[in-house]
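One structure below.
The values are calculated or read from the model by the stated rules, or taken from the named source; none is laboratory data. Everything quoted here is computed from the prediction, not taken from an experiment. Every residue, glycine as well, gets a Cβ built from its backbone with ideal geometry; the counts of neighbours run over all protein chains shown. Surface areas here come from the heavy atoms of the whole protein model, side chains and all, with no ligands, DNA or RNA. Shrake-Rupley method; radii C 1.70, N 1.55, O 1.52, S 1.80 Å.
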Amino acid sequence: MKIAFVGKGGSGKTTLSSLFIRHLVAAGTPVLAIDADINQHLGPALGLDEAEAAALPAMGERLPQIKEHLRGSNQRITSPATMIKTTPPGEGSRLVRVCEPNPIYDACARPVELDGGAVRLMVTGPFTEADLGVACYHSKTGAVELFLNHLVDGPDEYVVVDMTAGSDSFASGMFTRFDMTFLVAEPTRKGVSVYRQYKEYARDFGVSLKVVGNKIQEQDDVDFLRAEVGDDLLVTVGRSDWVRAMEKGRPPRFDLLEEANAGALRTLRATADATYGLRDWERYTRQMVHFHLRNAEAWGNERTGADLAAQVDPGFVLREGVAAAV
């Protein structure tokens, strides 16, 4: 299952995504975690100290290596240099899977120990002063999008992505790459404004969206969110002594998380799992191609000097069991 956590800055989406990752790891399920936020906080939320988080290899800095591997023997892609963030796979492309080893994991992923289990963590890398005026952060998250375009995941495998805040998620087609999107919202007008934007943008693409109410203090907060988002409100999360201890760098054992919040995490997993039977790989591939053609026309053809529409393999549908180049 591919799961995204989105929300406005400060909503608590990184905290909620880290709790969900811990919940999955505690259950013994394979988890790949990806930090695609401009503020790289997922590593520390999973218990890494500043030095360990800073030492994580950045996907954005290894984009040529990622392209070289994913291209495989796909004859429609003339060179890795002509691959852009939306390039879809086709015959001969190398696909990646959650549990199988591959050179991208070797270069970009690192294990993080969590209560006796482990999560494989990848990060886009921070937006630095050197990037100011010369780069867009989406050039870094493009590595994540390209990776997701070539990812085949099955049941009881989880990819959890902490997305960039607010409506920046719509600067590419990456918002369509997920089975379930959890939008973390505070009980404020600003908190629900991102929900309205996301709901509007995602409506035409069949995005499964549920709201996680965070920082709930009283019933009036729940009533406010219910009035604003209706049935999209899935669960609410209140004050947590466990989270406070985690934020101080001293997380207790995860099984000591408050039962109400642990129950909310169980609901998130059950809701995500329920989308597995609704998967439509043809639509998924069609949307991938849609955004690729849009990007090719808008800037990709000019930047690469190639007709990127020719990269589309009309007979290829990404799905479980599809053969991949080795």
### Query
Out of all the residues in segment 259-282, is one or more under 24 Å from Pro187 (Cβ atoms), over 24 Å from the mean Cα position of the chain (by Cα) and among the aliphatic types (A, V, I, L, M)?
yes
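Would you be able to say whether some residue in segment 184-200 is buried (at least 18 other Cβ atoms within 10 Å of the Cβ), in contact (Cβ under 8 Å) with a residue 60 or more places away in the chain and part of a loop (DSSP other than H, G, I, E, B)?
Scanning segment 184-200 turns up at least one residue that is buried (at least 18 other Cβ atoms within 10 Å of the Cβ), in contact (Cβ under 8 Å) with a residue 60 or more places away in the chain and part of a loop (DSSP other than H, G, I, E, B).
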### Residues (closer than 20 Å to Arg269 by Cα, among the hydrophobic types (A, V, I, L, M, F, W, C) and over 20 Å from the mean Cα position of the chain (by Cα)) located in segment 194-234
Leu233
### Task
Scan segment 30-71 residue by residue and report those that are open to solvent by less than 20 Å² (accessible area, probe 1.4 Å) and either not aliphatic (A, V, I, L, M) or not in a helix (DSSP H, G or I) (or both).
Val31, Leu32, Ala33, Ile34, Asp35, Ala36, Asp37, Gly43, Leu46, Pro57, Ala58
#### Entry: Lone unmet requirement of (1) open to solvent by 40 Å² or more (accessible area, probe 1.4 Å); (2) within 23 Å of Asp37 (Cα to Cα); (3) part of a helix (DSSP H, G or I) for Lys215
(3)
### Task
Determine which single condition Met174 fails, assuming it passes every other condition in (1) at pLDDT 95 or above; (2) crowded, with 22+ Cβ neighbours inside 10 Å.
(1)
### Summary
How many residues of segment 128-152 are in a loop (DSSP other than H, G, I, E, B) and modelled with pLDDT under 95? The answer is 7
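Does segment 1-29 hold any residues that are of a type in the set (Val, Ile, Thr) and part of a helix (DSSP H, G or I), and which are they?
Within segment 1-29, Thr14, Thr15, Ile21, Val25 meet the criteria.
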## Note on the structure
Here the residues within segment 37-55 that are over 17 Å from the mean Cα position of the chain (by Cα) and among the aliphatic types (A, V, I, L, M) are Leu48, Ala51, Ala53, Ala54, Ala55
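Let's see how each residue does on (1) more than 27 Å from Asp179 (Cα to Cα); (2) among the polar types (S, T, N, Q); (3) open to solvent by 70 Å² or more (accessible area, probe 1.4 Å); (4) not in a helix (DSSP H, G or I):
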residue	(1), (2), (3), (4)
Glu228	no, no, no, no
Thr236	no, yes, no, yes
Trp242	yes, no, no, no
Pro251	yes, no, no, yes
Gly263	no, no, no, no
Asp273	no, no, no, no
Arg283	no, no, yes, no
### Query
What number of residues in segment 106-121 are outside any loop (DSSP other than H, G, I, E, B), touching a Lys or Arg at 6+ places or on another chain (Cβ under 7 Å), touching a residue at least 12 places away in the same chain (Cβ under 8 Å) and not aliphatic (A, V, I, L, M)?
1
### Message
Within segment 102-118, does at least one residue satisfy the condition of being open to solvent by less than 30 Å² (accessible area, probe 1.4 Å), at pLDDT 95 or above and β-branched (Val, Ile, Thr)?
### Response
yes
### Task
Could you list all residues from segment 2-13 that are buried (at least 22 other Cβ atoms within 10 Å of the Cβ) and in contact with a Gly (Cβ under 9 Å, 6 or more places away or on another chain)?
Val6, Gly7, Lys8, Ser11, Lys13
